[in-house]
Amino acid sequence: MDSKQFREAAISSIDDIVKYYDNIEDHKVVSSVEPGYLRKLLPDHAPEDGEAWAEIQNDVQSKIVPGLTHWQSPNFLAWFPSSSSYPAMLGEMYSTAFTGAAFNWICSPAVTELETIVLDWLAKAFALPECYLSTGSTHGGGVIHGTASEAIATVMVAARDKYLREATAHLSGEEQEDAIALKRSKLVALGSAATHSATKKAAMITGVRFRAVPVHAKDEYKMTGEGLRTMIEELRAKGLEPFYVTTTLGTTDTCSTDDFDSIAAVLEELAPPGKGEIWVHVDAAYAGVALICLEYQHLAAQFHRFHSFNTNMHKWMLTNFDCSVLFVRQRSWLVEALSVTLAILRNDYTDSGLVTDYRDWQIPFGRRFRSLKVWFVIRSYGIKGLQAHIRKHVGLGETFAELVKSRSDLFEIVSGPRFALTVIKLKTKGAAATLEEQNALTQKMHEAVNAGGKIFLSSTVVGGIFAIRHCPATPFVEEQHVRKHFEVLVEAAEKTTA
Ligand code: PLP
């Protein structure tokens with residue numbers, strides 16, 4: 001493909017993409033293809049000769065689009081959104097055009113410097129304490145990872161090394177090595193029962209135990225300081241060493257936020273700096289971007305006592321997948337755990353200590369130019385536009401919850417609305433129904449709604465209750481859609497309970 005052909009192909013592809021977005025509601029939100037559908041449509045072998053772009057583009061429409069679930073549809077209400085925008089798509093386009101591995105500053109200074117600047121913009125917009133700024137007093141800063149899971153695995157590695165280093169600082173040589181080896185086998189990473197599985201996976205990768213602090217309906221499924229205290233004391237009584245905890249702002253099941261105040265107070269007492277300090281990470285994968293709104297910024301009040309924070313721009317902040325922003329209070333914690341300098345990487349700029357080499361802040365070596373799309377999104381919408389985006393969805397969540405309450409004969413709210421998410425269950429007629437029977441009915445209704453293809457919702461189990469999650473946070477969802485979603489649910493509920 002030469003540049004003239006590229007221009008024609010790109011214009012035609014952009015036309016296709018715009019048409020797709022303009023007519024997104026025409027698509028059934030979940031694909032109805034059967035497993036293995038694509039193998040039947042594509043040849044067994046790669047083509048020997050190159051094909052014309054028009055043929056390839058046609059196949060996108062005829063073979064790929066039918067197998068898509070339409071995440072940008074206003075009828076997509078499942079899990080959390082993975083929202084997109086045109087400015088972010090343009091960012092992706094430039095990023096791939098300027099493609100490179102960009103592991104060190106010298107690989108493309110603009111890649112590193114833009115990332116540092118836009119992450120400082122975000123830290124300020126989210127009202128994170130100044131210690132998370134690259135220019136902050138503790139030499140912190142932000143970095144873009146692909147996903148929250150990557151960010152959590154990375155900080156867990158840094159937390160492990162920091163803990164082991166500090167716990168054995170009085171030793172040296174072989175004695176220190178032996179002490180580290182012994183302690184490694186006793187380490188425990190913590191989360192709560194409502195923490196996303198990314199933390200358990202990070203513990204598997206890091207080679208440490210994982211334990212979950214129980215959460216309860218009476219506390220709205222939040223991890224509390226007291227729950228954490230009990231877990232830490234139990235583990236220490238068994239000779240184990242908790243070194244890390246994931247706290248959550250916006251849990252996956254119910255969008256609860258852990259009780260940061262009591263957690264900070266308990267850790268100050270049980271694990272103060274220098275005495276078995278426990279690294280506190282705040283996983284705010286979905287809801288963290290709401291900190292851009294003043295009314296949520298009080299949630300960051302304790303973050304100066306914690307160690308790291310991540311949120312996904314690609315979930316609720318109009319930035320196409322993938323883009324998880326991670327902030328640390330002290331960047332040397334990452335660098336000390338992850339820096340390996342080979343002879344081939346040496347350069348005067350790195351040696352000068354004046355530049356950031358982001359390869360030392362992450363697990364992969366090479367990295368994409370992701371900050372372009374963040375820069376384009378922030379500049380195109382402005383902070384006010386992004387606040388309006390979040391508030392619109394929070395308002396839609398409240399509208400949905402009001403509708404649910406208006407049919408208390410059919411539904412019960414299990415939790416929410418919080419950050420646009422409402423979790424509901426079917427109300428069964430006849431109070432004698434057991435929990436299992438109630439769950440079976442809600443599940444039946446959920447399956448019927450998804451099979452109907454008008455809307456797509458995911459389910460969860462909270463406190464033993466099978467429940468349906470409604471999260472209207474995709475870019476084009478409006479009140480009229482939420483009312484339609486509710487009608488679909490009412491119809492299904494009436495049929496299920498008839
Ligand atoms: N943390 C929370 C609270 C989540 O809800 C999710 C996914 O929904 C994740 C982590 C994992 O996100 P990622 O796909 O970016 O790893």
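Considering only 312, 298, 264, and ranking their Cα positions along the charge dipole of the range 258-322 that arises from unit charges at the beta-carbon of Lys, Arg, Asp and Glu, the one farthest toward the positive end is 312. Applying the Karplus relation 6.51 cos²θ - 1.76 cosθ + 1.60 with θ = phi - 60° to the range 328-344 yields 3J(HN,Hα) values of 10, 6, 9, 5, 4, 4, 6, 4, 5, 7, 10, 7, 10, 9, 8, 4, 5 Hz, where x marks Gly and Pro.
Would you kindly calculate the translational diffusion coefficient of the range 196-236, applying Stokes-Einstein with the Kirkwood radius from alpha carbon pairs, for 25 °C and a viscosity of 0.890 mPa s, and quote it in µm² s⁻¹ without decimals? Rounded to a whole number, D works out at 215 µm²/s. Projected onto their three principal axes, the Cα atoms of the range 283-375 cover extents of 49, 31, 20 Å, largest first. The mean sequence distance of close C-alpha pairs (under 8 Å, at least 6 residues apart), as a share of the length of the range 356-498, puts its relative contact order at 22 percent. Summing Cβ point charges (Lys, Arg +1; Asp, Glu -1) relative to the Cα centre of the range 17-75 gives a dipole of roughly 300 debye. Sorted largest first, the principal axis extents computed over the alpha-carbon atoms of the range 1-123 equal 46, 42, 26 Å. How fast does the chain diffuse by Stokes-Einstein, in µm²/s, taking the Kirkwood radius from C-alpha pairs at 10 °C and 1.306 mPa s? D, rounded to a whole number, is 64 µm²/s.
Percent of Cα pairs in the range 1-54 per distance bin of 5 Å, from zero to the largest separation: 4, 14, 13, 14, 19, 22, 12, 3. Between the range 293-358 and the range 1-21, what is the separation of their alpha carbon centroids in Å? The range 293-358 and the range 1-21 have Cα centres spaced 35 Å from each other. Across the range 171-255, the relative contact order, built from alpha-carbon pairs under 8 Å that are at least six residues apart, equals 37 percent. For the peptides 106-118, 52-64, the ranking by packing is 106-118, 52-64, with the highest mean count of neighbouring Cβ atoms within 10 Å listed first. Each Lys and Arg Cβ is given +1 and each Asp and Glu Cβ -1; about its Cα centre, the chain then shows a dipole of about 740 debye. Within a straight-line Cα-Cα reach of under 18 Å, residue 183 can be paired with the following lysines, leaving aside sequence neighbours fewer than 8 residues apart in one chain: 162, 238, 275. With contacts taken as Cα pairs under 8 Å and at least 6 residues apart, the chain reaches a relative contact order of 21 percent.
The rule of thumb for compact globular proteins, 2.2 N^0.38 Å, goes into the C-alpha radius of gyration of the range 252-330 1.19 times.
Throughout, read-outs are computed from the coordinates displayed, never taken from laboratory work. Being a predicted model, the structure only gives us computed values, none of them experimental. Cβ sites come from the backbone with ideal geometry, for glycine too, and all protein chains shown count toward neighbours.
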